[in-house]
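The values are calculated or read from the model by the stated rules, or taken from the named source; none is laboratory data. Worth saying up front: this structure is predicted, and the values here are computed from it rather than measured. Neighbour counts run over all protein chains shown; Cβ positions are idealised from the backbone, glycine included. Side chains included, ligands, DNA and RNA excluded: accessible areas come from the protein's heavy atoms. Shrake-Rupley method; radii C 1.70, N 1.55, O 1.52, S 1.80 Å.
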Amino acid sequence: MEKIKSYVIELKETLDHLPWEAIQDVVGILHHARLNDRQVFILGNGGSAATASHFACDLGKGTILPDRPRFRVIALTDNMPLFSAYANDYGYEHVFAEQLAGLVRSGDVVIAISGSGNSANVLNAIKLARSAQAVTIGLTGFDGGKLKDLVDICLHVPCNCMEQVEDIHLMLEHLICTSLRQEPVLDEYRVPALSGQRPGAEGMRTGQTMRTAVFLDRDGVINENRADYVKSWEEFVFLPNVFEPLRQLAQNGLFIVVVSNQSAINRGLVSPETVAAINNQMCEVVARNGGRIDAIFTCPHRPDENCHCRKPAPGLLLQAARQFALDLRQSYLIGDALCDIAAGLAVGCRPILVLTGKGREQLPHLGEEGYSGYHVVADLREAVSWIVAEG
């Protein structure tokens with residue numbers, strides 16, 4: 001009897017340590033995929049293959065709402081003739097990547113389930129998905145394996161019992177699908193049917209209703225960086241030539257969001273209220289000069305706190321996308337640091353590095369880290385000119 005009880009006790013203890021912010025981010029990513037007509041692929045081996053099929057079933061049928069499109073979802077575990085053909089002719093390590101190669105597109109979502117996080121066929125599939133600029137999500141256990149650091153968002157179950165890891169993975173997919181079915185929770189994502197079309201999966205072209213955003217880092221892009229942090233309005237100094245490009249963004253109908261790491265808060269150097277007051281004054285000055293900032297999202301955490309909102313993690317961008325129905329794949333991020341570029345790439349934004357602030361110092365590190373797909377400009381004015389020219 002004690003062994004039976006201990007299994008449940010251990011399971012309950014693991015549940016207390018789940019990454020709740022990351023789970024919320026996954027719900028946001030999947031809902032964004034639903035509204036933007038993106039394809040969702042799910043894969044795994046053994047018990048995780050069963051979870052992948054179960055997840056696809058629940059996502060396809062269990063999330064249906066009358067005024068929203070249905071999910072386009074495929075479990076790559078289910079087509080056994082194709083699965084076995086690739087295993088026989090190309091090797092088992094390629095069974096998922098080869099299926100993805102003919103299907104996945106930029107902006108799609110690939111969910112990989114692996115207890116160990118080290119299955120070769122799972123890792124190969126994620127590498128291919130990333131090369132196609134798909135959003136990647138991992139469900140792992142144990143120490144997370146190689147998968148944990150390879151995906152954009154990882155739901156890591158910190159447990160060394162495979163059966164308990166698989167239990168919780170199944171619970172997570174139920175939790176995610178239930179959240180995607182809850183009407184009140186998703187009201188902010190409501191997308192009306194276009195004129196002359198019925199609401200529903202077939203009648204709605206949801207991509208046309210999502211907004212394009214420009215995400216701006218604050219320190220080093222809008223105002224001068226300080227080694228000792230900006231702790232008061234007196235220490236806040238606008239960079240030269242920022243008002244004209246902010247005015248230009250507003251005139252072009254783009255949604256303007258500031259996303260800023262402010263670890264000085266949790267370092268005890270400045271209060272959240274003071275940071276909010278500085279931001280409010282910044283917005284007022286920008287408005288007086290003909291510009292506009294629509295929203296500000298701030299991370300107060302120190303790097304050692306390992307949160308999901310501090311850049312290079314994409315939490316701030318995902319939160320903004322959930323709240324304002326932003327199309328991340330059509331949006332831009334302007335920053336002066338490697339962490340800004342990494343956050344933008346993680347969600348498919350088009351990142352731009354400015355050489356103000358830390359930009360010139362950080363530029364060589366981008367190449368060293370192997371980043372690609374970003375644009376480099378002198379300052380905010382040149383960045384906005386490039387965005388406007390892009391149309």
If I measure Cβ to Cβ between cysteines in the chain, which ones have no partner under 4.7 Å? CYS57, CYS154, CYS159, CYS161, CYS177, CYS283, CYS307, CYS339, CYS349
Computed over region 305-349, Cα set: Rg, Dmax in Å: 10.0, 31
Mean residue ellipticity (222 nm) of the chain, computed from DSSP H runs ≥ 4 via -39,500 (n - 2.57), nearest 500: -13000 deg cm²/dmol
Along region 143-148, what does the Karplus equation 6.51 cos²θ - 1.76 cosθ + 1.60 (θ = phi - 60°) give for ³J(HN,Hα), rounded to whole Hz, x for Gly and Pro? 9, x, x, 5, 4, 4
So if I restrict to the alpha-carbon atoms in region 9-119, what is the Rg, and what is Dmax, the biggest pairwise distance, in Å? 15.5, 45
Project the alpha carbons of region 98-177 onto their principal axes and report the range along each, largest first, in whole Å. 35, 27, 19
Binning at 10 angstrom from zero up to the longest distance, how are the C-alpha pair distances of region 232-363 distributed in percent? 12, 40, 42, 6
In this structure, the FRET efficiency calculated for PHE238 and SER106 from their beta-carbon separation, with R0 = 22 Å, to the nearest 0.05, is 0.05
Distance in Å, no decimals, from the C-alpha centre of region 249-316 to the one of region 91-138 is 34
Over region 14-136, give the accessible area per residue in Å² for a 1.4 Å probe, as an integer. 39
Total charge of the residues flanking ASP304 in space, meaning their Cβ is under 12 Å from its Cβ, with Lys and Arg +1 and Asp and Glu -1, is +2
Residue-count net charge about ILE176 - beta-carbon cut-off 11 Å; Lys, Arg +1, Asp, Glu -1: -2
Spelling it out for VAL376: with amide H atoms placed in the peptide plane at 1.01 Å from N, the residues 5 or more places away or on another chain with amide H under 5 Å from its amide H are LEU353
Ordering PHE96, PHE324 by how much accessible area each has at a 1.4 Å probe, largest first, what is the list? PHE324, PHE96
Once amide H atoms are built 1.01 Å from N in the peptide plane, which residues 5 or more positions from CYS299, or in another chain, come under 5 Å H to H? SER260, ASN261, GLN262
In whole Hz, what ³J(HN,Hα) sequence does region 128-137 give by Karplus (6.51, -1.76, 1.60; θ = phi - 60°), x for Gly and Pro? 5, 4, 5, 5, 8, 6, 7, 7, 10, 10
Against the empirical 2.2 N^0.38 Å scaling, what ratio does the C-alpha Rg of the chain come to? 1.04
Averaging sequence separations of C-alpha pairs under 8 Å and six or more residues apart, then dividing by the length of region 48-118, give the relative contact order as a whole percent. 31
Taking a probe of 1.4 angstrom, what is the accessible area of LEU82 in Å², to the nearest 10? 70
Less than 12 Å Cβ to Cβ from THR274, Lys/Arg counted +1 and Asp/Glu -1: what total charge do the surrounding residues give? -2
In the chain the accessible area split gives carbon plus sulfur, as whole percent at 1.4 Å, a share of 50
Region 252-391 - accessible surface per residue (Å², probe 1.4 Å): 41
GNM result for the chain, Cα springs below 10 Å: residue of GLY220, GLY102, GLY370 fluctuating most strongly: GLY370
What figure in square angstrom, to the nearest 10, would you give for the accessible area of ASP294 with a 1.4 Å probe? 60
